[in-house]
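What follows is a short report on a single structure.
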Amino acid sequence: MRTAISILAALLLCLPCFAASTDFTIPAVADTFVRSIEPDCNYGAAGGLSVSGSAALNGSGVQMGLLDTFIRFDCSAAVAAFNSELGDSWTINSAVLQLNEQGSPNNNIFNRGVGQFEVRWIARDDWDEGTGNPKLPSTDGVTWNTAPTLLGAADETLGIFWNSGTNGENIYTLSLAKPFADDIAAAGFVSLYLTAADDAIGFTFDARTNSAPKLIVSVVQPLSPWPIPGDVNLDCSVNILDLIAVRNLLGNDPASSDNWRADVNEDGKINILDMIFVRNRLNTYCEDEY
């Protein structure tokens, strides 16, 4: 009986650690692909998007050049929903990109092949989707030649992923790079750039006029104010898991990816001082701080 009471007491003590959560699915509001073979052409009104390397071939066995994709999302409705449901103290817990792949696209403009591609958050949202399509390309939107002007040093990689090569939904969990997470929370536009990470990939998926690309954002709100200093993994306590998280990121740039959480002393570095900071706060809980 005493053991059961002790377990119940421990569970009750942990209640402030539990957080409310919700998610929101954000469909693309603009998208287009660009193509190296026709560097001055725009395809913003096409029904498909694509990422392709230099070794992928189309259905007729012909190489159709390099292809990259731009996708823009409007996060205003998502942030409004989060604020309405959870107030303004929520934190982004995950961001997932959902793409509906066409393993054997009908149009020969698209290459085929399984391989790796990079998803990158880009700082600029002022690109024009355009009105071109494979049958009638235009020049009124972003093209292969103008794409480099939209990319810059502030952009952040959100991960390297594989396509499946078959028809159906693909899900990619994106790294929560701080500029990316901050951009979502700012309730405006968020732009992603997809490009080949190896030569073999020929990944074609639906544009917004069909089964639109989607950004699924999940947020959490603690029952207690959160996070507390040293709580790297955001579980409302400072423990050995936080120490391990910092150790695994020693020497990394806190401005890259979601590494910023490990810079617990906020000096712009992840080093032994962060481990000492966490060590000195071991066994601290939300209920101790608030």
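The values are calculated or read from the model by the stated rules, or taken from the named source; none is laboratory data. Just so it is clear, the model here is predicted, and its values are computed rather than measured. Every residue, glycine among them, receives a Cβ derived from its backbone with ideal geometry; neighbour counts consider all protein chains shown.
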Discussion item. I want to confirm something. Restricting to region 116-154 and keeping residues that are in a loop (DSSP other than H, G, I, E, B) and under 16 Å from the mean Cα position of the chain (by Cα), which single residue is surrounded by the fewest Cβ atoms within 10 Å (Cβ to Cβ)?
Written reply: 154
Practice prompt. Kindly indicate whether any position in region 80-98 is in the same structural domain as residue 181 (by TED's automatic domain parsing) and over 27 Å from residue 24 (Cα atoms).
Written response: no
Discussion item. Suppose we keep only residues that are acidic (Asp, Glu) and part of a strand (DSSP E or B) within region 72-111. Which one would you say is nearest to residue 48 (Cα to Cα)?
Written reply: 101
Discussion item. As an exercise: evaluate residue 25 against (1) surrounded by fewer than 18 Cβ atoms within 10 Å (Cβ to Cβ); (2) outside any strand (DSSP E or B); (3) within 23 Å of the chain's Cα centre (by Cα) and give the number of the one condition it does not meet.
Written reply: (2)
Discussion item. Taking the criterion of being at pLDDT 95 or above and farther than 21 Å from residue 172 by Cβ, would at least one residue in region 13-36 satisfy it?
Written reply: yes
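Search region 33-71 for residues being part of a loop (DSSP other than H, G, I, E, B) and among the aliphatic types (A, V, I, L, M), and hand back the single one that is nearest to residue 205 (Cα to Cα).
Result: 46.
Give the residue, chosen from 188, 152, 168, 202, that is within 23 Å of residue 44 (Cα to Cα), in contact with a Gly (Cβ under 7 Å, 6 or more places away or on another chain), assigned by TED's automatic domain parsing to the domain that holds residue 56 and not basic (Lys, Arg).
202
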Discussion item. Checking residue 190 against (1) assigned to a strand (DSSP E or B); (2) more than 15 Å from the chain's Cα centre (by Cα), only one condition comes out false. Which one?
Written reply: (2)
Response to the item:
For residue 122, the lone unmet condition from (1) among the hydrophobic types (A, V, I, L, M, F, W, C); (2) at pLDDT below 95; (3) touching a helix residue (DSSP H, G or I) at 6+ places or on another chain (Cβ under 8 Å) is (2)
Worksheet item: When you scan region 36-63, how many residues do you find that are more than 17 Å from residue 165 (Cα to Cα) and crowded, with 23+ Cβ neighbours inside 10 Å?
Response: 4
Worksheet item: Can you name the condition, by its number, that residue 97 falls short on among (1) out of contact with any Asp or Glu (no Cβ under 9 Å at 6 or more places or on another chain); (2) surrounded by fewer than 18 Cβ atoms within 10 Å (Cβ to Cβ)?
Response: (2)
Discussion item. Can you find, within region 212-271, the residue that is modelled with the lowest pLDDT among those that are of a type in the set (Val, Ile, Thr) and not in a loop (DSSP other than H, G, I, E, B)?
Written reply: 220
Item to complete: Search region 45-59 for residues that are without any contact (Cβ under 8 Å) to a residue 12 or more places away in the chain and pair each with any residue that is among the hydroxyl-bearing types (Ser, Thr, Tyr) and in a loop (DSSP other than H, G, I, E, B) when their beta-carbon atoms are under 8 Å apart and the residues are at least 6 apart or on different chains.
Response: none
